[in-house]
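The values are calculated or read from the model by the stated rules, or taken from the named source; none is laboratory data. Given the structure is predicted, the values throughout are model-derived calculations rather than measurements. Virtual Cβ from ideal backbone geometry, glycine too; neighbours counted across all protein chains shown. Keep in mind that these areas ignore ligands, DNA and RNA; they rest on the heavy atoms of the full protein, side chains included. Shrake-Rupley method; radii C 1.70, N 1.55, O 1.52, S 1.80 Å.
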Amino acid sequence: QGLVHSAKLDQLRDVRVGVDAVYWLRSIQALKDPFADALGGIPPGIFGFVDKELEAFTKHQIKPLFVFQGVAPGPQHSMFVSRMDQHMEAAWTCLAKGQKAEAQKCFAVSTSRINGDFVYFIFHHLRSRGFECMQAPYFAGAQLAHLAEIGVVSTVFGVPGLLLYGVSSVIIQLNFHNNSHFDWVDLDEILKKWDINRDQFVDACMLAGTEHCLTYPYLASNNSSGPNRFNFETAVNGIKKQPLIAWMAYFQDENMRNDHLNSYCICKVLVQNSPVLHLADYSIRPLGAGGPQAPSPKVPHDFNQIMGAKLPNSLYYMMLHGMISHKLPQALAKGEWTDKSQPLVDTVQFREMLSDLTDYRQKALGLIAQHLNKGFKEKQIIGKAFFDPLPVRQAQAGVDLSTLPRDTRVMTPAINKLLRWNITKASLEAELKRQETTKVDFKFC
């Protein structure tokens, strides 16, 4: 469509660029080893590859601000997860048949290569190298949009989906090696190309399908380029003919209609109201909230069903500075602990290990919850894994546990009530005098 533009990296000299950290890591070609997970870990020499990219930023005098994902709800529909399972199964089947090329393709699709623990290490590695980075309270994309809106960064580097938040332009590729160029897309040009407004653009993207909403099933059949073929222009033309809600009338199955309606509503509210750190007053508020004195945007009353309970500011502060990973706060907020990763080979031992981890996870949750209010201290957190039945994987926070299978893993923060020592200066001096010593050591205690 001619909507992707290229330019020399010299144009980004002395420009502050907001970087989606996970997208950047996945764009590093040296890290794209599809067999890495199958061999038991991340590609060797990974920090060396990262350092080379950082040196390239410095060489071209680009000033990156790396933004990491925070408490971000995953896909709401089981179909997203089942697709990944099918790719993984196909990968191993091809490998068993000796079809290495096909297996490589399937592994590349089914594995992310960048797991959460590694991302947390990279955060501190970047800081040790003197680069600016922060962990967003929730979605990294929404936080980047806010930073661009208030002028903290001049442009952003990430997925094209950042345009949904209203970002004026997005860099989608940085090529430091071949011809030293970058590719970018412009929102106003896209809207002008298809003769639509921003609301229609958002609706067209939802009709086409996103991480949080299903693709409208009849788009392929209505595509003029051939049966079972789909392109984004089909979704645009559909929205230009009639609004998104009108397309819901064509579903013949009520359950399918409800599934799509729910996913479209979730996606729309995440685009409009994702919580971000507002730098004007350092508070966590929805993206479209404006200034501190601006009227509050219309947020659904059940917003916590998607994002989870609001956390104390002190916990957000620790997340933003990387003092704590987002995993524990996310479990306390959402009331669920999801093990997203599926083993390459499913075994009884792996499933037993997840059950054995329950005690350790409850103790870890307790270390945080003991400093929070009663609601967090007594929170019942449902453990979810790939092998759990559908009612467990789709259970929402606050669900009646009696309606779930008996073997559902439920965790509560384990808080140990210990003695609260309160030693005053006067009592310490008295004990030092009694023991006839001036040094506090193990013998003194």
Can you confirm whether Gln252 is out of contact with any His (no Cβ under 6 Å at 6 or more places or on another chain), open to solvent by 20 Å² or more (accessible area, probe 1.4 Å), at negative phi and in a helix (DSSP H, G or I)? no
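I'd like to know if region 317-335 contains one or more residues that are on the phi < 0 side of the Ramachandran plot and in a strand (DSSP E or B).
Keep residues of region 317-335 that are on the phi < 0 side of the Ramachandran plot, which gives 317-321, 323-334.
Next, only the ones that are in a strand (DSSP E or B) stay: none.
Checked region 317-335: no residue is on the phi < 0 side of the Ramachandran plot and in a strand (DSSP E or B).
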Residues satisfying the stated conditions in region 360-397, i.e. charged (D, E, K, R) and either in a loop (DSSP other than H, G, I, E, B) or more than 16 Å from Lys327 (Cα to Cα) (or both): Lys374, Lys377, Glu378, Lys379, Asp388, Arg393
Hits in region 382-407 - residues which are β-branched (Val, Ile, Thr) and touching a Lys or Arg at 6+ places or on another chain (Cβ under 8 Å): Ile382, Val392
Can you confirm whether region 370-388 contains a residue that is of a type in the set (A, V, I, L, M, F, W, C), open to solvent by 50 Å² or more (accessible area, probe 1.4 Å), farther than 20 Å from Gln305 by Cβ and in contact with a helix residue (DSSP H, G or I) (Cβ under 8 Å, 6 or more places away or on another chain)? yes
Before we move on, is Gly322 more than 20 Å from His212 (Cα to Cα), open to solvent by less than 30 Å² (accessible area, probe 1.4 Å) and in contact with a strand residue (DSSP E or B) (Cβ under 9 Å, 6 or more places away or on another chain)? yes
Which helices (runs of 4 or more DSSP H) sit wholly inside region 140-249 and have at least 3 residues that are more than 25 Å from Leu261 (Cβ to Cβ) and free of Cβ contacts under 8 Å to residues at least 24 places away in the same chain? 187-194
So, in region 294-313, exactly how many residues are closer than 24 Å to Tyr360 by Cβ and open to solvent by 70 Å² or more (accessible area, probe 1.4 Å)? 0
Being open to solvent by 50 Å² or more (accessible area, probe 1.4 Å) and more than 22 Å from the chain's Cα centre (by Cα) is the filter here, so list the residues in region 169-197 that pass it. His177, Asn178, Asn179, Trp184, Asp188, Glu189, Lys192, Lys193, Asp195, Asn197
If I filter region 230-245 for residues that are among the polar types (S, T, N, Q), under 16 Å from Glu211 (Cα atoms) and crowded, with 19+ Cβ neighbours inside 10 Å, do I get at least one hit? no
Working only within region 124-139, note down all residues that are over 13 Å from Asp20 (Cβ atoms) and either in a strand (DSSP E or B) or open to solvent by less than 60 Å² (accessible area, probe 1.4 Å) (or both). His125, Leu126, Phe131, Glu132, Pro137, Tyr138
